[in-house]
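The values are calculated or read from the model by the stated rules, or taken from the named source; none is laboratory data. Computed from a prediction, not measured in an experiment: that's the story for all the values here. Just so you know, the surface numbers come from the protein's heavy atoms only, side chains and all, with ligands and any DNA or RNA stripped out. Shrake-Rupley method; radii C 1.70, N 1.55, O 1.52, S 1.80 Å.
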Amino acid sequence: MSQPLLLNLHGVSCGFAGEPVVQDLSLHLNQGDIACLLGPSGCGKTTSLRAIAGFEPVLDGEISLAGEVISRPGFTLPPEKRRIGMVFQDYALFPHLSVAQNVAFGIRQHPRRAQITSELLELVKLSELSQRYPHELSGGQQQRVALARALAPEPRMLLVSVWDQSALT
C-alpha cells in the first residue's frame, strides 16, 4: 500500500523581485519519502526550498501540503502555520542563545520543552555542549544544533539545505 501524498508542487515558478529563478517545477513526495535536489550553484535549489517553506512567494503554479494549498500566486500560508522545519545553509543559529536555548526556541511555550530539548540534544549527541554558544562549536556541531531546533516542533516535513554533506555525518 502506498503512503499518502504529502507534498505536491505543480508547475511552480519562483524567484526574486518578480524574476523567476525556478520555472515550471513539478514534483510530489509521499509521506515518508526522502528527496534530494541536486544541481550547480545558482540553479534554484534553495529558492525552491524557501518557496516550499513559505519564505518566497510563488509566481506561478501551486504548492500543496497534505492536500492543502499552501502557496499559489497571490496567496502564501505563513511559514509558521505550515509545520515545515528548515535547516538553512548558514544554520541561522542565535549567537546570544546557548545550544539548549537555540533548540528550545520554537517550542518556548510547550509544556514539555525541557524534556524535548534534552531528548533532541541526546539524539544529535550534543548533550554535553548544551550550555555552550554557537561560536564555541564546530561547523558540524552547529549544523546538528540547527537540525535539533528544526525537529523540536515536530514538523510534518523537514527541509535541509546543505553545502557539504559531510557536515551531517
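Rounded to the nearest 500, what is the 222 nm mean residue ellipticity of the chain from helices alone, with -39500 (n - 2.57) per DSSP H run of 4+ residues and division by all residues?
-6500 deg cm²/dmol, from helical runs alone.
What's the carbon and sulfur percent of region 1-128's accessible surface, probe 1.4 angstrom, rounded to a whole number?
54 percent
Once you've got the GNM for the chain with C-alpha springs shorter than 10 Å, pick whichever of A150, A100, A92 has the biggest mean-square fluctuation.
For the chain, modelled as a Gaussian network with Cα springs under 10 Å, the answer is A92.
Cα atoms only, the chain: Rg and Dmax in Å?
16.8, 48
Over the chain, with the other protein chains present, what is the accessible area per residue in square angstrom, probe 1.4 angstrom?
Averaged over the residues of the chain, the accessible area is 59 Å².
Within region 25-169, what percent of beta bridges assigned by DSSP are antiparallel, to the nearest 5?
55 percent
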